[in-house]
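The values are calculated or read from the model by the stated rules, or taken from the named source; none is laboratory data. All values derive from a computational prediction rather than experimental measurement. A quick note on method: Cβ atoms are made from the backbone with ideal geometry, for glycine too, and the neighbour counts reach across all protein chains shown. Calculation scope for accessible area: heavy atoms of the full protein, side chains included, ligands and nucleic acids excluded. Shrake-Rupley method; radii C 1.70, N 1.55, O 1.52, S 1.80 Å.
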Amino acid sequence: MEIDLTNLAPTERYRFLTSVVIPRPIAWVTSLSPDGTINAAPFSFFNVFGSKPPLVVLGIGNRPDTGKPKDTVLNIKSSGQFVINTVSEPQAELMAKTSASLPRDESEIDTFGLKTTPSSRISPPRIDGAPVSLECELHSIQEIGQNRLIIAKIVYASVADAFYDPASGTIDTAAMKIIGRMHGPDGYCTTTQIFDIERPD
Ligand SMILES: Cc1cc2nc3c(=O)[nH]c(=O)nc-3n(C[C@H](O)[C@H](O)[C@H](O)COP(=O)(O)O)c2cc1C
């Protein structure tokens, strides 16, 4: 099958792209509005894009109900800060609930009974129970069509003690039971079947 993406309707394009680039990691983002409302929302157009400096990129569209920027974008623009919390199997359903389009002054943290802990370097808090939280500061925003590419630097990280071995400085990746995003709006995967392939010299 040959597919010309320019001929697809936006929903078909979304379905195609989200079935092709799989699995995708999920950034469960906490951010703060100017009045102090804590916002939480998941984003799977997300990855790390370098380590010198440590960079993350998020791809955020407009709200489906109003066509206006999502709360996360507004908060990142106004404060320049956000936390990326990784998502484990026990928190999967709660994470999905926080993708609801709530009014700007309603916090997903309160509505869905999440708990948070203060961050170390920035104002938005971490989500309790997240295996890893990455504290990020905005570098720049690229607006391309209705996409906003948020480029940010990671300034601090916290890893749950259960998953970190201080002696070797390594993370027990399988034990974190991180989930990934698969096809369409509702598909997910687990990440516990892990294997190694040695690189050539
Ligand atoms: C697993 C998952 C991944 C998502 N990834 C994205 C994404 O990459 N970009 C996006 O714009 N919306 C994404 N969404 C939808 C947002 O989470 C949703 O629009 C949310 O209401 C945004 O919240 P906010 O307005 O509080 O920022 C995703 C939803 C789920 C459940």
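In this entry, residue 108 passes the filter for residues that are surrounded by 14 or more Cβ atoms within 10 Å (Cβ to Cβ), among the acidic types (Asp, Glu), under 19 Å from the mean Cα position of the chain (by Cα) and within 16 Å of the ligand (Cβ to nearest atom). The sole residue among 197, 127, 144 that is β-branched (Val, Ile, Thr) and touching a residue at least 60 places away in the same chain (Cβ under 8 Å) is 127.
Taking helices (runs of 4 or more DSSP H) that do not extend beyond the stretch 1-112, which have at least 2 residues that are in contact with a helix residue (DSSP H, G or I) (Cβ under 9 Å, 6 or more places away or on another chain)?
10-20, 108-111
Checked against (1) at pLDDT 95 or above; (2) part of a loop (DSSP other than H, G, I, E, B); (3) at negative phi, residue 201 passes all but a single condition, namely (1). Consider residue 154 carefully, then state whether it is under 14 Å from the mean Cα position of the chain (by Cα), surrounded by 19 or more Cβ atoms within 10 Å (Cβ to Cβ) and outside any loop (DSSP other than H, G, I, E, B). Here the answer is no, as residue 154 does not meet what is asked.
Within the stretch 51-71, can one find any residue that is over 24 Å from residue 154 (Cα atoms), surrounded by 15 or more Cβ atoms within 10 Å (Cβ to Cβ) and out of contact with any strand residue (DSSP E or B) (no Cβ under 7 Å at 6 or more places or on another chain)? The answer is no; no qualifying residue exists.
When residue 113 is tested against (1) surrounded by fewer than 18 Cβ atoms within 10 Å (Cβ to Cβ); (2) away from the ligand (no atom under 13 Å from the Cβ); (3) within 20 Å of residue 34 (Cβ to Cβ); (4) of a type outside the set (Val, Ile, Thr), exactly one condition is not met: (3). Of the residues in the stretch 165-174, not one is in contact with a strand residue (DSSP E or B) (Cβ under 7 Å, 6 or more places away or on another chain), open to solvent by less than 40 Å² (accessible area, probe 1.4 Å), within 22 Å of residue 42 (Cβ to Cβ) and not polar (S, T, N, Q). When residue 145 is tested against (1) open to solvent by less than 50 Å² (accessible area, probe 1.4 Å); (2) within 23 Å of residue 21 (Cα to Cα); (3) at pLDDT below 95, only condition (1) is not met. The listed residues are 92, 100, and the only one of them that is within 19 Å of residue 45 (Cβ to Cβ), out of contact with any strand residue (DSSP E or B) (no Cβ under 6 Å at 6 or more places or on another chain) and at pLDDT 95 or above turns out to be 100. Considered as a group, the residues in the stretch 175-186 that are modelled with pLDDT under 95 and either open to solvent by less than 80 Å² (accessible area, probe 1.4 Å) or among the basic types (Lys, Arg) (or both) include one that is nearest to residue 85 (Cα to Cα), and that residue is 185.
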